[in-house]
Amino acid sequence: MNNYSVPPSCLSLSPPAAAQLPYLLDTIQLCILGILTILSILSVIIYLEDVVYILKKVKCQVKKRTSLWSSAAPTVVSIFTILGLWIPRSAMFVEIGIGTYFALCFYLILMVIIEGYGGKDALVKKFEFSDVHINTGPCCCCCVCLPRIKMTKRKVNFFILSVFQMAFLKPLFNIIGLFLWADGIYNAEDLSGASVALWMNVAIGFCTIIALWPIGILFREAKVHLAEYNMGTKFAVFQLLLILTTLQASIFSILGNTGVLPCVPPYAFKARSHLMHYHLLIIETFLLTILARNAYRKKDEETGFTIKTQAV
């Protein structure tokens, strides 16, 4: 440190505390943090405006509840992210919070599709005279030889169960990880062969692939038959959030662990990787909040589930 003038914060194993942060940041850093905070607040305001519209214009209580929870995904991610910026040492809890809520979004986006048809019975009725492709991503997109299937209520329940396992197991693994972390066993950034976090991430990745398959099957048909409900835009918001909260987070984590990103006091290498990821994520979720608001801002006069009889 003395020979090369390395700042002490660059060798610190933990980022600065929240109480110290305003005194350690320079003017430019504080301005950036202020702008990102404003964007996060605007995301909340945009979502609340969308909530008022959905409560007034969507008559079906089931659709209303699902739309409120599903459209909140970008805003919830933005809230967790801004908390991670103001409280740098909460990075692990921020990732757990984002991962837990987004696991629920797998189930929510599936229900948005099913409820768009009018429920499980209406979905089965819609495809009683046609077959459904199952050779879709992420696990069967190359299997063109797979046969088409007849949609039955049993298959729809199987699709729901396949997605629900993700919404159940991800929060469960997060809770287990917290208990192991308290005992010093779990470290989210340790991805060595003997790491518990590695094997938990592998299991969650497998569960994610299983959950995405039935969603892809139903969306493949819904983007045509439910185009008036902006189903393509809703699914695009879901896909983009999935990429941003998983792939982008992994890229910055790798860059931080390998020391590619330079240390900028008061943030060390790993802390700065979280910082840069959060900066981008707040801007991205703000744009996705606007996109989600336009996608879910759709008047629906149906007071309950009805069988749609338009031609397949």
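The values are calculated or read from the model by the stated rules, or taken from the named source; none is laboratory data. Small disclaimer: the values here were computed from a predicted structure and weren't measured. Note: ideal-geometry Cβ built from the backbone for every residue, glycine included; neighbour counts use all protein chains shown. Each accessible area value is taken on the protein alone, full model and side chains, heavy atoms only, with ligands, DNA and RNA left out. Shrake-Rupley method; radii C 1.70, N 1.55, O 1.52, S 1.80 Å.
Semi-axes, largest first, in whole Å: what does sqrt of 5 times each Cα gyration tensor eigenvalue give for segment 15-61?
Values: eigenvalues 280, 25, 5 Å².
Equivalent-ellipsoid dimensions as semi-axes: 37, 11, 5 Å.
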(request) Excluding F286 itself, calculate the net charge of residues whose Cβ lies under 15 Å from the Cβ of F286, where each Lys or Arg counts +1 and each Asp or Glu counts -1. (result) -2
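How large is the charge dipole for the chain, taken about the Cα centre, if only the Cβ atoms of Lys, Arg (+1) and Asp, Glu (-1) carry charge, to the nearest 20 debye?
Values: 26 positive and 17 negative charges, 238 e Å.
That gives the chain a dipole magnitude of about 1140 debye.
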(request) Take the Cα pairs of segment 41-111, get the Kirkwood Rh, then feed it into Stokes-Einstein at 37 °C and 0.692 mPa s and tell me D in µm²/s. (result) 250 µm²/s
(message) With loop defined by DSSP as not H, G, I, E or B, and exposure as at most 16 other Cβ atoms within 10 Å, which is the longest segment of the chain clear of exposed chymotrypsin sites (Phe, Trp or Tyr not before Pro)?
(response) 130-312
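Please work out the average accessible area per residue across segment 119-273, using the 1.4 Å probe convention, and give it in Å². Mind dumping the intermediate values first?
Working: 8080 Å² over 155 residues.
Value returned for segment 119-273: 52 Å² of accessible area per residue.
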(message) With +1 assigned to the C-beta of every Lys and Arg and -1 to the C-beta of every Asp and Glu, and no other charges, what is the dipole magnitude of segment 19-71 about the Cα centre in debye, to the nearest 20?
(response) 640 debye
(message) Taking the 0 to 90 degree range and rounding to the nearest ten, how far is the long axis of helix 91-117 tilted relative to the main principal axis of the chain, both from C-alpha atoms?
(response) 10 degrees
(request) With Rg and Dmax of the Cα atoms in Å in mind, check (i) 20.9, 71; (ii) 22.0, 78; (iii) 21.1, 67 and report the label derived from this structure. (result) (ii)
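Can you tell me the relative contact order of the chain? Whole percent, Cα pairs under 8 Å, sequence separation 6 or more.
Values: 383 pairs, mean separation 103.6, N = 312.
It rounds to 33 percent for the chain.
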(request) Give me the percent of the accessible area of the chain that comes from carbon and sulfur atoms, probe 1.4 Å, all protein chains in place. (result) 69 percent
(message) Need one word for segment 188-271: rounded, prolate or oblate. Basis is the Cα gyration tensor (sqrt eigenvalues a ≥ b ≥ c); a/c below 1.5 gives rounded, then a/b vs b/c decides.
(response) oblate
